2 protein chains.
Amino acid sequence: MIGVFDSGVGGLTVLQALRRRLPRRDFLYVGDTGRAPYGRKPAEMVTGFACEIADYLYGRGVEAIVVACNTASAVALPELENRCKIPVWGVVDAGVEAATRMTRTGYVGVIATRATIASAAYQRRLEAHGLRVWARECPMLVHLVEEGLAGSEEAEVLARHYLSGRPKIDTLILGCTHYPLLRAPLQRAAGDGVHLVDSASVTAVRVAAAMADEGNGHVTYYATGDTKAFAHTARMMGEAGHSVHAIDLGEAA
Amino acid sequence: MIGVFDSGVGGLTVLQALRRRLPRRDFLYVGDTGRAPYGRKPAEMVTGFACEIADYLYGRGVEAIVVACNTASAVALPELENRCKIPVWGVVDAGVEAATRMTRTGYVGVIATRATIASAAYQRRLEAHGLRVWARECPMLVHLVEEGLAGSEEAEVLARHYLSGRPKIDTLILGCTHYPLLRAPLQRAAGDGVHLVDSASVTAVRVAAAMADEGNGHVTYYATGDTKAFAHTARMMGEAGHSVHAIDLGEAA
């Protein structure tokens, strides 16, 4: 069993990519919808939430944990790696690796939540590879997806707004698990010359290389907020109607 | 004691207006952050949530309930009035009354969440007063406020987007308790000739006319989602650091 968690439903894009690579694996997905979004919260608060979820997943017997949330990966990964006795993957390193491989000009952009950009997790890693980096926080993009507005006029308006004034990058990292669902408006706003990097699929490749594909192909979903609301948002993101179970973290712990 | 509830923190604008009018009253505020936002959820789901909260408030002994959420007021008020043995105020009627009084041309606009617009609660009432109505759903505006972006470029971009293509209205109802916090960008986008109606203050006038101002001036805050996250969002909306208590509705009921 592999544990996967996100602040909400955005990590379902990572889960989908993982299941394509490891169809027989069992997964336990936790969406921390009761405390989402993480993107505007202080780093210590997000780290505390991530540790509680990791402890829960470890207690349920998972063999590895995928932090399917860029904000939590950016701010909490070292703490999670220290704390957990099992492998922990974040999504940041995968995105950095792919962008480093893809860029020709060495000028790379990253768009993400406020907390992810403020952590400088992407910028530091990319610069360590000798790349120039343009970074922009895009706090409204996650809401487009959660509102089911990925195909709307609002998505075009906000994609253009956030990518306006960018320098001549040739690669753009989608530094939030929700953004792959905005690929079309972001590609239109960025222009054909910019390659978009989606860390969900890159992360799945790395996890699949390290874990055998064995199990019963079961997925169990948990939400810290209302389960009906989680199922509803997941449907709006194109996930079939799974049953979702409630868990209580944090206040009760 | 008066019970006040909202899907989250937006109703705090109504609570603030109520406390200015009834400073000695005790208030019990419930923010249903564990299931927010309501604006994109089906009407039956929102009605179910509102009934659970009303039952909880009634059980706590409140003398009246203010539904400080336009979405819940628009879709659930008749059901709440039937169910409750105490007075129940919504915010829709107050906004309609003020707009009817203010308009000179008889052409009124209303902006609100998707669920509020879809319910046609404003449109039907305004048309019953013989007014022409322009209505637009603005699903992204609530997120601007909850992200602390009311003063941002994104607020200007989205206010212009949502008010583009409007007809020659002279009055615009802010049909969501979050929107008063976006008054400046909305006024700039609408132009000086358009009068903005804020239902929070109008509702407070109506409630204060019916209820005596007596009590200890205490306010107790409850959240169905994470209490630290609620306190954090409330601070971003300019509320001082109150202590917030957890309650469990719905799943447990």
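The values are calculated or read from the model by the stated rules, or taken from the named source; none is laboratory data. Bear in mind that the values here come from a model prediction, so they are computed numbers and not experimental data. Reconstructed Cβ throughout: ideal geometry from the backbone, glycine too, with neighbour counts over all protein chains shown.
Once region A:208-223 is narrowed to residues that are touching a helix residue (DSSP H, G or I) at 6+ places or on another chain (Cβ under 8 Å) and hydrophobic (A, V, I, L, M, F, W, C), the residue that is nearest to A:L22 (Cα to Cα) is A:A208. Of the candidates A:A212, A:A240, the single residue that is closer than 29 Å to B:T33 by Cβ, part of a loop (DSSP other than H, G, I, E, B) and either modelled with pLDDT of 95 or more or more than 14 Å from chain B (Cβ to nearest Cβ) (or both) is A:A240. Residues of region B:1-34 that are of a type in the set (S, T, Y) and touching a Gly at 6+ places or on another chain (Cβ under 6 Å): B:T33 alone. Restricting attention to region B:94-117, does a residue exist that is in contact with a helix residue (DSSP H, G or I) (Cβ under 8 Å, 6 or more places away or on another chain), more than 16 Å from B:Y179 (Cβ to Cβ), assigned by TED's automatic domain parsing to the domain that holds B:H195 and at pLDDT 90 or above? Yes - at least one qualifying residue is present in region B:94-117. Screening region B:49-90 for residues that are aromatic (F, W, Y) and out of contact with any helix residue (DSSP H, G or I) (no Cβ under 8 Å at 6 or more places or on another chain) and picking the one that is nearest to B:R114 (Cα to Cα) gives B:Y56. Among the residues of region B:127-147, those that are at the interface with chain A (Cβ under 7 Å from one of its Cβ atoms) and not in a helix (DSSP H, G or I) comprise B:P139, B:M140, B:E147.
The single condition from (1) within 22 Å of B:D248 (Cα to Cα); (2) surrounded by 17 or more Cβ atoms within 10 Å (Cβ to Cβ); (3) of a type in the set (G, A, S) that B:A118 fails is (1). A residue that is within 15 Å of A:S199 (Cβ to Cβ), touching a residue at least 60 places away in the same chain (Cβ under 8 Å) and of a type in the set (A, V, I, L, M) occurs somewhere in region A:102-109.
One residue stands out in region B:16-39 among those that are in contact with a Leu (Cβ under 9 Å, 6 or more places away or on another chain) and of a type outside the set (D, E): the one that is farthest from the other protein chains (Cβ to nearest Cβ), namely B:R25. Consider region A:183-204 and keep the residues that are among the aliphatic types (A, V, I, L, M), more than 14 Å from chain B (Cβ to nearest Cβ) and surrounded by 15 or more Cβ atoms within 10 Å (Cβ to Cβ). The one that is nearest to A:V157 (Cα to Cα) is A:L186. Of all residues in region A:209-243, those being among the hydrophobic types (A, V, I, L, M, F, W, C) and free of Cβ contacts under 8 Å to residues at least 24 places away in the same chain number 4.
Considering (1) in the same structural domain as B:P167 (by TED's automatic domain parsing); (2) under 19 Å from the mean Cα position of the chain (by Cα), the lone condition that B:E79 does not fulfil carries the number (1).
For the condition acidic (D, E) and touching a helix residue (DSSP H, G or I) at 6+ places or on another chain (Cβ under 6 Å), B:E239 qualifies.
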